[in-house]
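First the structure, in the form of structure tokens, and then the observations on it.
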Amino acid sequence: MEEILSKKNPLPTPSEELINWAKNFKPSAKLFPDGSSAIQKIAEETEICLWKVYDEETNPYWESECGSMFQFNNGDWQANHFTFCPYCGKKIRDE
């Protein structure tokens, strides 16, 4: 079986240049003109999801910045131990 695979579809051998690049690759390397890394950019962009409460006195519901709505049977998102928005995964913050 190995002979058949190697003759018909030999796996490419990576070049020395590719091997050296892979060995030296740093995911947090500075990639943007402002000097920030990709990891920093992702963290900045996914930091918070602002939640706003409506009809607080009679039947409160929350609208998220990411465009969803949520209603708790008792209490608010903090009383229900919500830290992250269940829709977008960002950290919740209210107004």
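Computed from the coordinates by the stated procedures, all read-outs in this text should not be read as laboratory data. Because the structure is a prediction, the values reported are computed rather than measured. Note: ideal-geometry Cβ built from the backbone for every residue, glycine included; neighbour counts use all protein chains shown.
In region 53-77, the residues that are free of Cβ contacts under 8 Å to residues at least 40 places away in the same chain form Cβ pairs under 7 Å with partners that are among the acidic types (Asp, Glu), at six or more places apart or across chains, as follows: Tyr54/Glu63; Tyr61/Asp55; Met69/Glu63. Tallying residues that are outside any loop (DSSP other than H, G, I, E, B) and over 18 Å from Asp55 (Cβ atoms) within region 65-92 yields 3.
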